[in-house]
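Have a look at the structure below, then the notes.
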Amino acid sequence: MERLVERLEKAVERLEMVCQGPGLCGESSSKGMAQYVQAFDTLLAGPVAEYVGISKEVGGDVQQHAEMVYAGLMSERALLVMASQHQQPAENVFPSLLKPISEQIQVVQNFREKNRGSKLFNHLSAVSESIPALGWVAMAPKPGPYVKEMTDAAMFYTNRILKEYKDVDKKHVDWVKAYLSIWTELQAYIKEYHTTGLAWSKTGPVATEGAKSPSAPAAGPAPPPPGPPPPPAPVPTGSSTDDSASRSALFAQINRGEGITSGLRHVSDDMKTHKNPALKNQGGPVRSGPKPFTAPKPTCSANPSQKNSPKAPALLELEGKKWRVENQENATDLVISDTELKQVAYVFKCTNSTLQIKGKINSITLDNCKKLGLVFDDVVGIVEIINSRDVKVQVMGKVPTISINKTDGCHVYLSKDSLDCEIVSAKSSEMNVLIPAEGGDFTEFPVPEQFKTVWNGQKLVTTVTEIAG
């Protein structure tokens, strides 16, 4: 523990050396730097320095975690310095430049996983869930919204910290404010300097894997390497760095403007088939355009039973933090009662059934369900209904948002406590919201399905058509 404390103290000392004077970070090392590098140093001197300082006061695992976060931010600074002095690298080189940031993100997240028994686990989780925000440098064309998305992922744990320490220890409340302000300031920074992606220099050498920025902070060697964060939904067929590289390459090609056609080969008149009919017979069959649509003919099977796949087993089980309710048919007594706030429920392919969820849960998703009745107490996140038909949902407590997508026939019964719920719908029909009235009755209101859009001279204006009510 003493060694870890010494390491963090040295990290803070390095930060203090880099961050000198009000509103400036590393004034000496930032001289001659691009404006956006100086602005990033200001962020380090402000919210980051405050977060590191308060983390040191909290101590323990939070103190160690802050050192790792600081290392990731310094690695990001090194990349910004490189970008300010080099032109955009080749697509196969960019992943190697991002690798230090992604490695440090993994260090931060692994620390949380190794310390699940920590008394400060909520602090570690808040940081671990949001640290992928450092990967904004690999995101285009909207790095700012990506940072906000990652910040929102921390809210569940920061709210728990505030609830636990609000009237007990103000130091932890200040810690939450300091940590979240890092990402708030980073969003503002990105909006000003890197709106559509990391800004590379228009002059100087092209960045390569061995390129080094001569003006790294004078505080000493850069902390352990890091790289682009794994995307929120990992793709099994490739790594996150490959995805980021291909995405960056795509936008690099698009941003070439007129130069994008420079690689096309000129076709002379003697190579055009409409001027030389003889060429049509030399290159095999020539497409004459799409054929008119014809409905496919139904095929009959000699043994229809062979086409039916085996029926999937019915499930109602807790898998980690997810309640799985799947393939239930004609089950009218499904109940989930032992719930926790961090849990979610995923209901898939249930037919002619009724499910009741007691207590408070994080979110609920109904997917591919038919004639399903759902009754729940409280949801702190969202209730999603997708690809379903003839669904009835009743709220007994509170829910902030209900999303209906690609669903035909949906009745939502709201409680008096959930009247401020937002209902978002798309590609759906036959939707009704039922509002509680006196005497325990409900008043039914249809959700509009038809809209009218007109151009008012400046923008498109969409309103509900009268026929839609």
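The values are calculated or read from the model by the stated rules, or taken from the named source; none is laboratory data. The shown structure was predicted, so the numbers you read here are calculated from the model rather than taken from an experiment. With ideal geometry, Cβ positions are generated from the backbone for all residues, glycine too; neighbour counts draw on all protein chains shown. Keep in mind that these areas ignore ligands, DNA and RNA; they rest on the heavy atoms of the full protein, side chains included. Shrake-Rupley method; radii C 1.70, N 1.55, O 1.52, S 1.80 Å.
Scanning the range 325-334 for residues that are part of a strand (DSSP E or B) and either touching a residue at least 40 places away in the same chain (Cβ under 8 Å) or surrounded by 16 or more Cβ atoms within 10 Å (Cβ to Cβ) (or both) yields a count of 3.
One residue alone among V58, V37 is surrounded by fewer than 22 Cβ atoms within 10 Å (Cβ to Cβ) and of a type outside the set (D, E, K, R), and that residue is V58. Looking across the range 202-231, the residues that are modelled with pLDDT of 60 or more and surrounded by fewer than 16 Cβ atoms within 10 Å (Cβ to Cβ) come down to K202, T203, G204, P205, V206, T208, E209, G210, A211. Would you point out which residue out of G381, G373, G397 is on the phi < 0 side of the Ramachandran plot, touching a helix residue (DSSP H, G or I) at 6+ places or on another chain (Cβ under 7 Å) and open to solvent by less than 40 Å² (accessible area, probe 1.4 Å)? Just one listed residue meets the conditions, G397.
Any residue in the range 77-90 that is in a helix (DSSP H, G or I) and of a type in the set (D, E, K, R)? Spell out how you get there, then give the answer.
From the range 77-90, those in a helix (DSSP H, G or I) are 77-85; that's our starting set.
Of the ones still in play, those that are also of a type in the set (D, E, K, R) are 77.
Yes, the range 77-90 contains at least one residue that is in a helix (DSSP H, G or I) and of a type in the set (D, E, K, R).
Taking the range 5-63 and the helices (runs of 4 or more DSSP H) fully enclosed by it, the elements with 3 or more residues that are at pLDDT below 55 and either among the acidic types (D, E) or over 30 Å from the mean Cα position of the chain (by Cα) (or both) are at 27-30.
Within the range 340-358, work out how many residues are open to solvent by less than 30 Å² (accessible area, probe 1.4 Å), farther than 20 Å from K311 by Cα and either free of Cβ contacts under 8 Å to residues at least 24 places away in the same chain or not polar (S, T, N, Q) (or both).
Here the count works out to 3.
Taken together, the residues in the range 428-469 that are over 15 Å from V393 (Cα atoms) and outside any strand (DSSP E or B) amount to 18.
For the range 201-214, the condition of being in contact with a Pro (Cβ under 8 Å, 6 or more places away or on another chain), closer than 25 Å to P143 by Cβ, among the hydrophobic types (A, V, I, L, M, F, W, C) and in a loop (DSSP other than H, G, I, E, B) holds for at least one residue. Considering the range 406-453 alone, what residues qualify as being open to solvent by 100 Å² or more (accessible area, probe 1.4 Å) and either within 15 Å of V391 (Cβ to Cβ) or under 29 Å from the mean Cα position of the chain (by Cα) (or both)? Scanning the range 406-453 gives K406, D420, E422, K427, E430. Within the range 457-466, can one find any residue that is under 30 Å from F156 (Cβ atoms) and open to solvent by 30 Å² or more (accessible area, probe 1.4 Å)? Scanning the range 457-466 turns up no residue that is under 30 Å from F156 (Cβ atoms) and open to solvent by 30 Å² or more (accessible area, probe 1.4 Å).
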